[in-house]
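Reviewing the structure listed below.
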Amino acid sequence: MFAGSYNGSLVIISVLVAILASYTALDMASRINASQGHSARWWLAGGSFAMGVGIWSMHFIGMLAFSLPIPLGYDPSITFASLMIAVAASAFALWLVCRRKLPWSHLLGGAFLLGAGVAGMHYTGMAAMRMHPAIRYSAPLVFLSLLIAVAASGAALWIAFHLRQTTTRNRLYRAGAAIIMGFAITGMHYTGMAAAHFNSGSMCGALHSGVSNQWLALTIIIATLAILSIALIASVLDTRLESRTAVLASSLADANQTLTYLTLHDSLTSLPNRVLLEDRLNQTIHQANQDQSRFSVMFLDLDGFKAVNDAYGHHMGDLLLIEVAARIRTGVGQRDTIARLGGDEFVLLVETGEPTEAATIADNLIGSMGQPFFIDDLELRISASIGIAIYHGDHGDNEEHDLIMNADAAMYHAKALGRNCYCFFETSMNANAYAQVELLHDLRRALEQHELILHYQPKFNALTRTIVGAEALLRWN
């Protein structure tokens, strides 16, 4: 029986290749897990090839490290078949660890299939020497090599599944796991080699028709290192690109969110603006119709705000509006909507079942606005006039506009009553407002058509019968 020997340098290289192939497999699993669609399929194909080549090359470098007293060669077709077995087993392993879940039943089944694939690659590669007489194998050692292959495969699948997320900590864990996996793979290989016995007088049938091992080791080492390096470099570049894309996408999402917020909110008080108010009002009307409930629209306008602006400037007016908005927030519920339409006008959508509830809220708001505001060491006093329109579900097609217009009309009626009070909307208020608009329109037309005539009427002292002055009368003809 021939006694074999090993080239120590090639043995060490085979272990290093196994470790590098293991790390590549773990890295490819993370890239497949992070990709979707066609990208994931391309990573699966490329990762399967790189991982398969790495495992296969470790096996062949280990075989080339083994020498007999006779020259050896390898059959190209059988050698290629062993490579395909390694690639197919790698594809199955990567596919399995990239599933959403890896239950124990799947893990055990995958370990047996992957272990059988690795062992099949090894013993197919041994058959590529086409020894005559055939290689005899020690059954206990063959069984041990299969057991090592299955155990190593199970451990590799479990590790790859739990380290597939790309984090800094996982990268460190992958390096340690790759070392363990590399030694496990080489342990299976050299156990399988120890199981082989070559009879004295054996001849290698692939010596003349096959590939000589004179240059095969160097070629396989260079090609394998190139393939694994390319795979790892591509993975690193793709990870960086994905990271930058994620940062860009996050920045774009933040910008869109900020832009949307600015579009729907008042820049000074951060309250909803007219656009968001109309949307909230639509939703509230729809919900009220479904629940057969009521709500109130309150139009709040500040009394004396213009005087603050004129006396202290717009900056002080802006600070006052911010404080006003804060007080309004404390006077209504969290589910109620407060909007600023512009200037010193605010609109509130308040959930109220009865008019008395709306009156209570309006009273509280008026009381709150009547308290002094202390801003920049100044004491400012203003008041508020509030108009209230209650939704009954009978406003017709233009409900949103009608509600706000009615609350606005009620607010002007409150101002006409002396300010610092609230009024509920009544139908006559719209009629009065319409009459005032018509009167204003007619007066402007009267000016254009010179229909206004100025008269002076003397004023007499009743006792002395003397003229003491005159009244100017403007008559509309």
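The values are calculated or read from the model by the stated rules, or taken from the named source; none is laboratory data. Worth saying up front: this structure is predicted, and the values here are computed from it rather than measured. Cβ atoms come from the backbone with ideal geometry, glycine included; neighbour counts cover every protein chain shown. Accessible surface is based on the protein model in full, side chains and every heavy atom, while ligands, DNA and RNA are left aside. Shrake-Rupley method; radii C 1.70, N 1.55, O 1.52, S 1.80 Å.
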- Would you mind working out the accessible area per residue for the stretch 246-364, using a 1.4 Å probe, and quoting it in Å²? 54
- Looking at the stretch 397-477, which trypsin sites (Lys or Arg not before Pro) are DSSP coil and have at most 11 other C-beta atoms within 10 Å of their C-beta? ARG465
- Note on the structure: With Cα coordinates, the longest principal axis of the chain makes an angle with the long axis of helix 213-264, in degrees rounded to 10, of 10
- Message: Could you tell me the relative contact order of the chain? Use alpha-carbon pairs under 8 Å, at least six residues apart, and round to a whole percent.
- Response: 13
- Note on the structure: The lysines whose Cα lies under 28 Å from the Cα of LYS415, excluding any fewer than 8 residues away in the same chain, are LYS306
- Message: With n ≥ 4 as the cut-off for DSSP H runs, can you work out [θ] at 222 nm for the chain, using -39500 (n - 2.57) per run divided by the number of residues, rounded to the nearest 500?
- Response: -22500 deg cm²/dmol
- Accessible surface, per residue, of the stretch 16-128 when the full set of protein chains is kept, probe 1.4 Å, Å²: 39
- Message: Taking the solvent-accessible surface of protein heavy atoms with a 1.4 Å probe, what is the per residue accessible area of the stretch 419-477 in Å²?
- Response: 87
- Equivalent ellipsoid dimensions for the stretch 245-358 as semi-axes, Å, which come from the Cα gyration tensor, largest first: 27, 26, 10
- In nm, to one decimal, how far is the modelled label at SER77 from the one at SER270, with both set 7 Å along Cα→Cβ? 7.7
- Mind checking the dipole of the chain: about its Cα centre, +1 per Lys or Arg Cβ, -1 per Asp or Glu Cβ, Debye to the nearest 20? 3340
- Run a plain Debye calculation on the stretch 9-150 (Cα atoms as equal point scatterers, no solvent) and give log10 I(q)/I(0) at q = 0.20, 0.22 Å⁻¹, rounded to two decimals, same order as the q list. -1.27, -1.43
- Carbon/sulfur fraction of accessible area - the chain, other protein chains in place, 1.4 Å, %: 61
- From the residues LEU378, LEU302, THR360, which one has its Cα farthest along the dipole of the stretch 283-383 in the positive direction, the dipole being from +1 and -1 charges on Cβ of Lys/Arg and Asp/Glu about the Cα centre? THR360
- Find the Cα radius of gyration of the stretch 355-477, compare it with 2.2 N^0.38 Å by division, and give the number to two decimals. 1.65
- May I ask you to derive the relative contact order of the stretch 272-400, considering only C-alpha pairs under 8 Å and at least 6 residues apart, and to give it as an integer percent? 39
- Query: Given N residues in the stretch 51-122, what is Rg(Cα) / (2.2 N^0.38 Å)?
  - Reply: 1.33
- Relative contact order, percent, the stretch 336-477 [alpha-carbon distance under 8 Å, six or more residues apart]: 14
- Message: I'd like the Kirkwood hydrodynamic radius of the stretch 409-473, using the inverse of the mean 1/r over distinct C-alpha pairs, in Å.
- Response: 15.6
- Assuming 1.567 mPa s and 4 °C, estimate D for the chain with Stokes-Einstein, Rh taken as the Kirkwood radius over Cα pairs, in µm²/s. 42
- Relative to the longest principal axis of the C-alpha atoms of the chain, give the angle of the C-alpha long axis of helix 76-97, reported between 0 and 90° and rounded to the nearest 10°. 30
